[in-house]
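The values are calculated or read from the model by the stated rules, or taken from the named source; none is laboratory data. None of the values given here were measured: they were computed from a predicted structure. Positions of Cβ are generated from backbone atoms using ideal geometry, with glycine treated the same way; all protein chains shown enter the neighbour counts.
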Protein chains: 2
Amino acid sequence: MRVELITIGDELLLGLTVDTNAAYLARELGAVGVEIVRRATVGDVAADIANAVADALARTGAVVTTGGLGPTSDDMTKPAIATLFGRELEFDTDTYERIERRWQSRGLRGPLPATNRQQALIPRGAIILANDHGTAPGIWLEDAQGRWVAMLPGVPREMRAMVADRLIPRLRAGAQGASTVVRSRTLRTTGIAESAAAERLGPLAGGVEGMPLAYLPGLDGVDLRVTARGLPDSEADALLESAAARLREMMGAFVYGEGTMDLAAVVLDACRKCGLHLAVGESCTGGLLGARLTSVPGSSEVFLGGVIAYDNSIKESMLGVSPGELADVGAVSEPVATAMARGARTRTGADIGVAITGIAGPTGGSPTRPIGTVWIALDHPGPQFQVATEVRHAIFVGDREEIRYRSTQTALDMIRRALPTQRSS
Amino acid sequence: MRVELITIGDELLLGLTVDTNAAYLARELGAVGVEIVRRATVGDVAADIANAVADALARTGAVVTTGGLGPTSDDMTKPAIATLFGRELEFDTDTYERIERRWQSRGLRGPLPATNRQQALIPRGAIILANDHGTAPGIWLEDAQGRWVAMLPGVPREMRAMVADRLIPRLRAGAQGASTVVRSRTLRTTGIAESAAAERLGPLAGGVEGMPLAYLPGLDGVDLRVTARGLPDSEADALLESAAARLREMMGAFVYGEGTMDLAAVVLDACRKCGLHLAVGESCTGGLLGARLTSVPGSSEVFLGGVIAYDNSIKESMLGVSPGELADVGAVSEPVATAMARGARTRTGADIGVAITGIAGPTGGSPTRPIGTVWIALDHPGPQFQVATEVRHAIFVGDREEIRYRSTQTALDMIRRALPTQRSS
């Protein structure tokens, strides 16, 4: 099934909000064989919404929208699409009571604001997609020719629950017997540039097992994706399996995972299997490595915590870095990185200490230590490891946030490659 | 000037990459009076790219594209648009030499991969937008009727530099005398729900100073945006100034800043003015508060660092929380939050200690402490403050990442409101 997605909101066009809904919807719908073939974004203007929906309906007959269902006067999605379908808006008592109950159950907020009343206006003949996480109900509107629009709220949490609980079950039911299936498989690599990966995979330029190969470079590294179109599920899966094996063989240890798996989750999982605990000492990343590790549910089995040693006084007092060393060679140096990693490990009782110290910019660079200079150290003297200490020196490109993120990605990759389970690859 | 934006890449349609370029372009172009009126996303398919560009050119005559200029075989933007304009691709020796020099200057990578050669193919008659941060040059293609397409790379850092250094100067030069100017002003609020803000601003439902008012709810809080269209710069600025003053008056201390300013930057700035230093003790946020603070350039003047006390053993050893208290009342409690904040302050020598402990989910909730339960404490016994300790208890809604982010936002807002400079509002 081919659908078009229209995301609605002045805040998207004006760049005040990054549209994360689009990526989420694409992944979730793709997993059930519903392909988003085109996406458009329009502002909170009824005519623009109606035009975009009409164009998309003419192409595919199937449209999902997000946004513009809120309680404020700039929310135009429902009236615009109702008019396009020639349906009047009617006040729905059940929906209003549902909104009111939800409001009251949250407590301590006074009576339901009158502005919420318009959220209970529903186009005649529409199917309501109940919202279990917010006040704006979703709407499914379908015409006599079977062309449909599913209107979802713009708030990510509300949209996500509605997709899982209401939209996907409807689409699955409707897709029985459809012949167009899209399935893809993505291998994640890190530590290799896109063009170097392309050179290494040169023999596959024409495709893998007859399927196109795409390079998706990002801050995490380069993802490699193979896509099967229009094949029966079992045949597609077998070809994708064989293509993934071929890519893994050619890319070796650069591959750290599949799909959208984060390297932090890969590292935590590998540490868990080895019974190893992690601690961090972070200077230029200021907690970002800890934040990435703890964004993974269940990280507490492996990650103990550590020290944000942003100021040099904390490198000394909490990680035991010697004041003399700091004065002699500076905070961005191999000896300080190593001492920070050792301090993070010994002072927390972890098995592995990892430390990052560098110059993230935009100021603070020098000819000998340009912006992007980062030292990353691992300290792990346990018998599982081949070496007790490892240090990497890098000069990352990018802005402050990119340098910081790449530093955490490299630190995680150093842990991954150091772990006993990984060394055979 | 009205332009349409087309972002290109299978990775965007498949949801493997979140499109941050679109938001960036909208803000930067908006600031010079160029309004993005519609946005579309298509995959790496030549016909889809050509159709989307043709549709957009028919509407506005002005199109910016991002993506699909890379060195790999799935990069179709240049050939698709060159064909649409009836131009052949020609090998450009200068561009090739520039790419080669850039490659060599990075060192240690071997010869330029042959796949980079196609990046030097330029449509006949095009203007090259040089790329100072990557290999893919941008392209400006214009037809005899003055309709144009600017093709930018998809890598954010390369795109951003090209917009600032090449695209905006061209657009400014071309926009002389244009009558459509869009200017907007955004006030950022936190700690108040969208519908409560709308109720409070009820008298402005019809607009402020004749301009529409938009509510932009997000994880940071609710942004309030007023937009002036089609007015001379000075008149627009005066009206926006007056509207902003009105909104500030009606929203009071809920307003923490303007534009896209992050609350962490506001807090750091206010602390700097008071000569106060900050330290953190983070449990469920695992370093996220530190990461937010240190994402702001210059944060080292105020932020010392702190402890990621994810495991209870670290709460004890590095923050001095008493084992008895942890055993009696549990880690997610007022006394533990308070002790963590005190430990963060005293052990780092900071003036303000801030601590967060909570249950971010998806597991670990209980009837008395549901998922989302968070205790946030400030410890600041200095003479500048009215109270020595403050604690807030919240039950945040959302998934793990939302709960963690809202926790950091609330912690920052507590600091902001506690600072002497803020109390008058």
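For segment B:254-264, the criterion of being free of Cβ contacts under 8 Å to residues at least 24 places away in the same chain and of a type outside the set (Gly, Ala, Ser) is satisfied by no residue at all.
Could you tell me which of the residues A:190, A:180 is of a type in the set (Ser, Thr, Tyr), under 27 Å from the mean Cα position of the chain (by Cα) and modelled with pLDDT of 85 or more? Give the derivation first.
Details: A:180 fails: modelled with pLDDT of 85 or more.
Only one candidate qualifies: A:190.
For segment B:103-158, a residue qualifies if it is at pLDDT 85 or above, among the small types (Gly, Ala, Ser) and not in a strand (DSSP E or B), and the qualifying residues are B:120, B:125, B:126, B:130, B:136, B:144, B:146, B:154.
Does residue A:382 count as among the small types (Gly, Ala, Ser) and out of contact with any helix residue (DSSP H, G or I) (no Cβ under 8 Å at 6 or more places or on another chain)? Reasoning before the result, please.
On the way: among the small types (Gly, Ala, Ser): yes; out of contact with any helix residue (DSSP H, G or I) (no Cβ under 8 Å at 6 or more places or on another chain): yes.
Yes, satisfied.
Comparison of B:252, B:230, B:207, B:221 shows that the only residue that is closer than 23 Å to residue A:134 by Cβ, out of contact with any helix residue (DSSP H, G or I) (no Cβ under 6 Å at 6 or more places or on another chain) and among the small types (Gly, Ala, Ser) is B:221.
For segment B:34-60, the candidate set comprises residues that are surrounded by fewer than 18 Cβ atoms within 10 Å (Cβ to Cβ) and not hydrophobic (A, V, I, L, M, F, W, C); within that set, the residue that is nearest to residue A:55 (Cα to Cα) is B:55. The set of residues from segment B:156-168 being surrounded by 23 or more Cβ atoms within 10 Å (Cβ to Cβ) and under 18 Å from residue B:72 (Cβ atoms) comprises just one member, B:159. Going by what's in this entry, would residue A:274 be described as more than 13 Å from every other protein chain (Cβ to nearest Cβ) and closer than 24 Å to residue A:190 by Cβ? So residue A:274 passes the test. Out of all the residues in segment B:113-134, which are more than 8 Å from chain A (Cβ to nearest Cβ), surrounded by 19 or more Cβ atoms within 10 Å (Cβ to Cβ) and farther than 16 Å from residue B:83 by Cα? Once the filter is applied, which keeps residues that are more than 8 Å from chain A (Cβ to nearest Cβ), surrounded by 19 or more Cβ atoms within 10 Å (Cβ to Cβ) and farther than 16 Å from residue B:83 by Cα, segment B:113-134 yields B:119, B:120, B:129, B:131, B:134. Close Cβ contacts (under 7 Å, 6 or more residues apart or on different chains) running from residues in segment A:308-335 that are on the phi < 0 side of the Ramachandran plot and hydrophobic (A, V, I, L, M, F, W, C) to residues that are surrounded by fewer than 19 Cβ atoms within 10 Å (Cβ to Cβ) and not in a helix (DSSP H, G or I) comprise A:332/A:369.
Just give me the residues in segment B:388-425 being part of a strand (DSSP E or B) and surrounded by 19 or more Cβ atoms within 10 Å (Cβ to Cβ), in sequence order.
Here is the first cut: in segment B:388-425, the residues part of a strand (DSSP E or B) are B:389-395.
Listed by number, the list holds a single entry, B:390.
Is it the case that segment B:198-209 has a residue that's assigned to a loop (DSSP other than H, G, I, E, B), more than 25 Å from residue B:6 (Cα to Cα), away from chain A (no Cβ under 11 Å) and among the acidic types (Asp, Glu)? Yes, some residue in segment B:198-209 is assigned to a loop (DSSP other than H, G, I, E, B), more than 25 Å from residue B:6 (Cα to Cα), away from chain A (no Cβ under 11 Å) and among the acidic types (Asp, Glu). In segment B:136-154 there is no residue matching the filter, namely being surrounded by 19 or more Cβ atoms within 10 Å (Cβ to Cβ), within 13 Å of chain A (Cβ to nearest Cβ) and of a type in the set (Val, Ile, Thr). Of the strands (runs of 3 or more DSSP E) contained entirely in segment B:294-387, those carrying at least 3 residues that are closer than 16 Å to residue B:277 by Cα and either within 11 Å of chain A (Cβ to nearest Cβ) or among the aliphatic types (A, V, I, L, M) (or both) fall at B:303-309, B:352-358. Go through the residues of segment A:283-298 one by one and say whether even a single one is of a type in the set (A, V, I, L, M, F, W, C) and farther than 23 Å from residue A:374 by Cα. Yes, because at least one residue in segment A:283-298 is of a type in the set (A, V, I, L, M, F, W, C) and farther than 23 Å from residue A:374 by Cα.
Quick check on residue B:161: is it among the aliphatic types (A, V, I, L, M) and out of contact with any Leu (no Cβ under 8 Å at 6 or more places or on another chain)? So residue B:161 fits the description; yes.
Against the conditions (1) more than 30 Å from residue B:78 (Cβ to Cβ); (2) more than 12 Å from chain A (Cβ to nearest Cβ); (3) at pLDDT below 90, residue B:171 satisfies every one except (1). Here the condition is being in a strand (DSSP E or B) and under 30 Å from residue A:331 (Cβ atoms); of A:279, A:214, A:228, it holds for A:279 alone.
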